[in-house]
1. Only one residue in A:L405, A:L434 is part of a helix (DSSP H, G or I) and either touching a helix residue (DSSP H, G or I) at 6+ places or on another chain (Cβ under 9 Å) or in contact (Cβ under 8 Å) with a residue 12 or more places away in the chain (or both), so which one is that?
2. Do we have any residue at all in the stretch A:575-589 that's within 16 Å of A:E228 (Cα to Cα) and either surrounded by fewer than 24 Cβ atoms within 10 Å (Cβ to Cβ) or not hydrophobic (A, V, I, L, M, F, W, C) (or both)?
3. Any chance you could count how many residues in the stretch A:219-278 are crowded, with 18+ Cβ neighbours inside 10 Å and among the polar types (S, T, N, Q)?
4. Quick one: in the stretch B:2-34, of everything that is part of a loop (DSSP other than H, G, I, E, B) and surrounded by fewer than 22 Cβ atoms within 10 Å (Cβ to Cβ), which residue is farthest from the other protein chains (Cβ to nearest Cβ)?
5. Return yes or no: is A:S312 more than 14 Å from chain B (Cβ to nearest Cβ), buried (at least 24 other Cβ atoms within 10 Å of the Cβ) and modelled with pLDDT of 85 or more?
6. When the residues of the stretch B:46-60 are filtered to those that are at pLDDT 90 or above and among the aliphatic types (A, V, I, L, M), which remaining residue is surrounded by the most Cβ atoms within 10 Å (Cβ to Cβ)?
Amino acid sequence: MTRQQRKILLKIVIGAALFAAALIITHRISLPWWAELLIFLIVYLVPGHSVLIKAGKNIAHGQVLDENFLMTIASIAAFAIGEYPEAVEVILFYQVGELFEKIAVGRSRQAVSDLLDLCPDEATVLRNGNQETVFIDAVEVGEHILVKPGEKIPLDAQIVSGCSTLDTAALTGESMPQNAQPGDVVYSGCMNLSGVIELIVTKPASESTAAKIMELVESSASRKAKTEQFITKFARIYTPCVVIAAILLAVLPPLLTRQPFSEWIYRALTFLIISCPCALVISVPLSFFGGIGAASKQGILVKGSNYLEALSRAETVVMDKTGTLTQGKFHVTKQHTCSISEAEQLELAAMAESASNHPIAQSLLEAYGKEIDTERVRHIQETAGQGVSALIDGRKIYVGSAAFLQDQNIDPAVTDGVGTAVHVASDSEYFGYLLIADTIKPDAAEGIQALRQSGVTCVAMLTGDSESAAKEIGNLLKLDEVHAKCLPADKVEHMQAYRKKLSNNRTLVFVGDGMNDAPVLAQSDVGVAMGGLGSDAAIAAADLVILDDKPSKLGTALRIAKKTMMIARENIVFALGIKVIVLILGACGLAHIGAAVFADVGVSVIAILNATRAMHAHHEK
Amino acid sequence: MKKTYRLDNLDCANCAAKMEAAIQKLEGVQSAAISFMTQRLTIEAEEADFPKLLKAAQKCIRKIEPDCEIIVK
């Protein structure tokens, strides 16, 4: 509890004790009305004077319909109609509610800042051979910093000396320790797990990865969801309407039916007390913020509540292939051999391709994984786009496409499977082929299934790749539609077609790797970039950034979005529902002032507590 | 040009909404947003207008919550 909160608590306790005493005294002894009024006025001022002062100040500033003013009017009116204890109750209950509200807000603010507490404020800098602890803002690019095990990396940097394992969980939500060696680039916010490392700072604190993520999440509140905008607009008309209703209620029925004014003024009081829209104004944005916080904890950056809202209504998800569903790296996926072993075949292929920097050659060398003995390879000749020939251990070897081998009068086998085939042969004998293909990410299927479970009806893939490669992936992942051989302009056209097919109120989501996607992203309601950690371009281009490259995170994002919307809606229905019920009861003379105060501040507290559930949205599957 | 500032002693969500509406109406402000939860004020305007706008924004804020202050680093 802060000092301010303790002060309010003290006022409430003293006020409540005096109030109880006053009730007992006036109950036991029959006093003249002015004496009773005096006693309750004094009791009233203990918890109430601060409200009166604030109300006065705000009127001076031209702010008439604020909460303090409404409570003041309500309590003065209660005094005026002779309901002295009620007047004190209004202020007392109001202060209790305010206290609870302040505590709840303080706690959720704390929770939010904990979520965003990505990197330490201070760094250990090596200056003139000494270790100095300074604020990260004061560390210059090019200075050396020291990070011990158990500490978080404070700035983006490169390792100079020392080896360690790093955990990126704070950034990506996934606890996956990675080895780090001298020369490696490391990002602020990662946890150093095992060894002491010395780093050279590559970016100032204001441009570090952690700072960018925090800035993004903090400014996300400026892009408001429609639900939020509605609430803000609603709040602006709600208060004046209820206040006018209160005045009418106090004046009209007594004038028309000649009933006593005091009864109707009492009923109007309940209106005044309920007229503050705080519960709504606070809880709906808080729900969204909680959702954004929960997402960022999972390594999913959402640039605004509007995108969270749009994501929750996703109907069609269009995904890029390379780098999104597949790893974007070529691997040897299959070997078909004749007369030699797979290891021998791979060795021949790798040796022949050892001088090439073609992606296929690179994947062969990677699969081989050993040093190439250059002594054994002579006379490498490359025919661009076709293949290579070389003299290996004195024997002429051809490695390349089927057409390339046919040119050498060798008859290659018919290939079976998806990918690029690399045939291997000597001048007299055919050794079979290797298939090289891009591999699907291990969690791609899981991600697509999660999308379906969250109400996405169509998952499509766009790729510039060949028909057969696209179909194979489409079948494996059970995609609804696959479009192959897409040029950038085709992708835009496909997106426009999907947009036309959308049902009312549903949205179109595009997922890519954030590179050269701008025209396609512009066609989508929510543009998602994958693998954004360290890629400023992806972070800048998309509305939603998945920091690691896991397609399953899309499902997580969608789940969080849905949960957040649900909580926001619950809060609207709950807060408005209670207010309307108490307004009706109040108008009929059935609601006590205590109920009215509950409908104001009590509802706020409950709505805030409900909104904080959104922060933990990722826990529930 | 978009800039974000911290707000100290921002106590009430409805007040934050009112401040936001008032600051949006200031001349030269392209857009303005206040986040009650993170206590941040974001203003979008021409670079040269910022010193003048900040004073005007602070005035708007004081009118609604007397203790609330824009923290300029």
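1. When all the criteria are applied, what remains is A:L405.
2. Scanning the stretch A:575-589, I find at least one residue that is within 16 Å of A:E228 (Cα to Cα) and either surrounded by fewer than 24 Cβ atoms within 10 Å (Cβ to Cβ) or not hydrophobic (A, V, I, L, M, F, W, C) (or both), so the answer is yes.
3. So the answer is 8.
4. So the residue we want is B:E27.
5. Yes: the conditions hold for A:S312.
6. B:A57
Residue-wise test of (1) surrounded by 13 or more Cβ atoms within 10 Å (Cβ to Cβ); (2) over 24 Å from the mean Cα position of the chain (by Cα).
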| position | (1), (2) |
| --- | --- |
| A:L462 | yes, yes |
| A:A470 | yes, yes |
| A:D480 | yes, yes |
| A:K491 | yes, yes |
| A:H494 | yes, yes |
| A:L502 | yes, yes |
| A:L508 | yes, no |
| A:G512 | yes, no |
| A:P519 | no, no |
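A quick yes/no check of all residues on (1) among the hydrophobic types (A, V, I, L, M, F, W, C); (2) in a helix (DSSP H, G or I); (3) modelled with pLDDT of 85 or more:
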| residue | (1), (2), (3) |
| --- | --- |
| A:S30 | no, no, no |
| A:Q63 | no, no, no |
| A:E89 | no, yes, yes |
| A:A104 | yes, yes, no |
| A:R109 | no, yes, no |
| A:P120 | no, no, no |
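The values are calculated or read from the model by the stated rules, or taken from the named source; none is laboratory data. None of the values given here were measured: they were computed from a predicted structure. Counting neighbours? That spans all protein chains shown, and the Cβs are built from the backbone with ideal geometry, glycine included.
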